[in-house]
Amino acid sequence: MKKLAWLFVLMSGILWGTISIYIKKLNQYNLDAMDIVAIRAVFTAVILFAGLLFYDRKLLKIRVRDIWCFVGTGILSIVFFNYCYFSAITMIPVSVAAILLYTAPAFVLVMSAVLFSEKINLYKIVIIFIAICGCGLASGIASGISSVNTTGILFGLGAGFGYALYSIFSRYALNRGYKSMTITFYTFLFASIASVPLVGTTGVEHIVSICVSDNFMLLFYIVFALMSTVLPYILYTTGLLYMDNSRASIIASIEPVTATIVGFVVFREMISPAQIIGALLVIAAMVAAGYKSEK
């Protein structure tokens, strides 16, 4: 399992990189960022609850004194970073939002050093620098392709910080003996508890009315939760068990590369040679991080 840890994290990053497909579709139904956060959280929690009841009910047990870990992953990370990221995607190109999200490895590196005494060595600094530079090129910022605005950039940076918090609070939960499925379920249970009230009664009614009027959308909600949340978060948290936070975050930086490809193929966003070079840099950093974690 340890040898596959990097692959689990890689797969999670690829799946997260396709999330813009779902968001753009949901935007067509006049669903805003918080509506989408709530849909993602509620459907993920329900799917995982049903899965755990069938698979192993013991995984539903947590200690009251550890609830703060899941408040951290669910509210401080998931609700905050998803709201920021989904908002950024509606304001700036998908590729730019993705690069700003992937300032996360730098946040993770610093916080992990302070909180978990993970070593900050030259190797980590170099590959994080390469990954961030690669993300910058892949986003199109360097070539002047991307049109950005200040609000969109701030939301993107907020997403990066919030995303970094998931690795931090998940590490605390893993250190207390919780399995990845338990962490993912309670993460999105608390995310649901926090996000649904923020949507409000009118928003909930609108979300439900879409399901009632269009049976396809109910299936779409379920696929959205499974492919963008349930599967990648279980994979990422499992991989995190066998490597340190900063390396996992670097490997997951395949997400903006995937997002750039999705932007080009699906949304016809422009792509340049600089973006291709950036993607190759991210992949190089990712491979370096994965190789080091195996060693």
Given (1) touching a Ser or Thr at 6+ places or on another chain (Cβ under 9 Å); (2) buried (at least 18 other Cβ atoms within 10 Å of the Cβ); (3) modelled with pLDDT of 75 or more, where does Val266 come up short, assuming only one miss? (2)
Pairs with Cβ under 6 Å, 6+ apart, first in the stretch 87-115 and closer than 16 Å to Ile127 by Cβ and buried (at least 24 other Cβ atoms within 10 Å of the Cβ), second at pLDDT 80 or above and small (Gly, Ala, Ser): Ala104/Gly160; Ala104/Ala164; Val108/Ala164; Val108/Ser167
Residues of the stretch 186-208 satisfying the condition of being at pLDDT 90 or above and either open to solvent by less than 10 Å² (accessible area, probe 1.4 Å) or among the hydroxyl-bearing types (Ser, Thr, Tyr) (or both): Tyr186, Thr187, Phe188, Ala191, Ser192, Ser195
Considering only residues that are in a helix (DSSP H, G or I) and among the aromatic types (Phe, Trp, Tyr), which ones fall in the stretch 148-201? Phe155, Phe161, Tyr163, Tyr166, Phe169, Tyr172, Phe185, Tyr186, Phe188, Phe190
Could you tell me how many of the residues in the stretch 90-115 are polar (S, T, N, Q) and over 27 Å from Asp35 (Cα atoms)? 1
In the stretch 17-33, which residues are open to solvent by 10 Å² or more (accessible area, probe 1.4 Å) and of a type outside the set (Asp, Glu)? Thr18, Ile21, Tyr22, Lys24, Lys25, Asn27, Gln28, Tyr29, Asn30, Ala33
Can you run down the residue pairs with Cβ atoms below 7 Å, 6 or more apart or on separate chains, where the first is in the stretch 250-264 and among the hydroxyl-bearing types (Ser, Thr, Tyr) and the partner is at pLDDT 80 or above and outside any helix (DSSP H, G or I)? Thr258/Gly17; Thr258/Thr18
The condition of being open to solvent by less than 70 Å² (accessible area, probe 1.4 Å), in contact (Cβ under 8 Å) with a residue 40 or more places away in the chain and under 15 Å from the mean Cα position of the chain (by Cα) holds, among Ile47, Ile36, only for Ile36
Mind listing whichever residues of the stretch 101-121 are part of a loop (DSSP other than H, G, I, E, B), closer than 16 Å to Gly158 by Cα and of a type in the set (A, V, I, L, M, F, W, C)? none
What about Ile183, is it open to solvent by 10 Å² or more (accessible area, probe 1.4 Å) and either within 19 Å of Asp35 (Cβ to Cβ) or touching a helix residue (DSSP H, G or I) at 6+ places or on another chain (Cβ under 9 Å) (or both)? no
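The values are calculated or read from the model by the stated rules, or taken from the named source; none is laboratory data. This structure is a prediction, so every number in the text was calculated from the model and none was measured. Using ideal geometry, Cβ is built from the backbone for each residue, glycine included, and neighbour counts are taken over all protein chains shown. Surface areas here come from the heavy atoms of the whole protein model, side chains and all, with no ligands, DNA or RNA. Shrake-Rupley method; radii C 1.70, N 1.55, O 1.52, S 1.80 Å.
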